[in-house]
């Protein structure tokens, strides 16, 4: 069994990364890095952490490095680019990627770092900023079982439930496929409401029936009544982020040379919504796509 983790490097102090690093700070010797050096300095000023602009220095000071970055391409550049983590990693280190990265890319990164004696564990999360702040994230983990066991005490500070999914890339695959299912459920419910509205059905009553029937989902039980019917589009998770995750799921199916027509159409739909509604629109605003196509707002009877 690899040695216990005592020191952590944390790369990416955004909306998710900052509160996650905050939870780890009391328990580990922490070194932090962000693309915006002032953000890392601000974090260090408020915590017992050390800030650095040097990724190799961060890796050399850490038993494990956590990345919480926008996508897997950036993770790969941070790990293997000039002056990246690989230049400072010691044998026996672990890269714990908690970003939403492409699963096959994660598997390739693990293969590339293995000759250096560096393990890669993928551990993407679900639960949003509130979960990150409260240490209540759901975490899906892929990698070598011994390395996952080594990382588990770290993950337990961040999440309420930890699912071990399998080998390298399986955590990232599960995250993308979960969000695909969520996106498909929300978009299909919106479409059903729009069609029913045109037929003369009352949207709120439709939601009641769906929730008492086999058509219910997390979308019908929460988001639709709370945000779509109320027109209070306040979802913290954006259409752009959902489009990214569904795109990762679509890329996985293509990389595995599989036919996945519903996934392909769902990916295209969310990309179209992101282009039409913008990067900051919340996921429930996707209903506006059907309203635009059909010439009326949900509830007007003309959508």
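Values in this text are rule-based calculations from the coordinates and carry no lab data. As the structure is a computational prediction, the values presented were derived from the model and not from experiment. Methodologically, a virtual Cβ is constructed for each residue, glycine included, from the backbone with ideal geometry; neighbour enumeration extends over all protein chains shown.
If you wrap a convex hull around the C-alpha atoms of the stretch 158-234 and split its volume per residue, what is the figure in Å³?
Per residue, the Cα convex hull of the stretch 158-234 comes to 125 Å³.
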Would you please calculate the Kirkwood hydrodynamic radius of the stretch 174-294 over all C-alpha pairs and express it in Å, rounded to one decimal? 14.6 Å
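How big is the antiparallel share of DSSP beta bridges in the stretch 7-167, given as a percent to the nearest 5?
Beta bridges within the stretch 7-167, antiparallel portion: roughly 10 percent.
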On C-alpha positions alone, give me the angle between the axis of helix 37-46 and the longest principal axis of the chain, in degrees, nearest 10. 80 degrees
Value at 222 nm in deg cm²/dmol, rounded to 500, when DSSP H runs of n ≥ 4 in the chain each add -39,500 (n - 2.57): -15000 deg cm²/dmol
Computed Rg/Rh of the stretch 7-167, alpha carbon atoms with Kirkwood Rh: 0.92
When all alpha-carbon pairs of the stretch 243-298 are counted, what percent fall beyond 14 Å? 57 percent
Counting only DSSP beta bridges with both residues in the chain, what percent are antiparallel, rounded to the nearest 5? 15 percent
Running a GNM on the chain with Cα contacts under 10 Å, which residue among 272, 46, 226 ends up with the highest mean-square fluctuation? 46
Length-normalised contact order for the chain - Cα pairs under 8 Å, 6+ apart - percent: 14 percent
Among (i) 30, 59, 11; (ii) 32, 51, 16, 0; (iii) 34, 56, 9, 1, the entry that matches P(r) over Cα pairs in 20 Å bins from 0, in percent as calculated here: (ii)
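Defining a contact as two alpha carbons under 8 Å apart and six or more residues distant in sequence, what relative contact order in percent does the stretch 7-167 show? Write down the numbers at each step before the final one.
Working: 339 pairs, mean separation 30.8, N = 161.
It comes to 19 percent, rounded to a whole number.
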On a full-extension model of 0.36 nm per residue, what is the gain between residue 199 and residue 15, subtracting their alpha-carbon distance, rounded to one decimal in nm? 62.0 nm
Do you know the relative contact order of the stretch 174-294, to the nearest whole percent, from alpha carbon pairs under 8 angstrom that are 6+ apart? 34 percent
Candidates 33, 172, 157; GNM for the chain (alpha-carbon contacts under 10 Å) flags as most fluctuating 157
Using a Gaussian network model of the chain whose springs link C-alpha atoms within less than 10 Å, name the residue from 249, 21, 260 with the highest mean-square fluctuation. 260
Note to self: Kirkwood Rh of the stretch 52-92, Cα pairs, one decimal, Å, is 10.2 Å
Mean shadow area of the stretch 200-252, taken as a quarter of the surface of its Cα convex hull (nm²): 5.0 nm²
Cβ density ranking, 10 Å radius, fewest first, applied to 237, 10, 43 yields 237, 43, 10
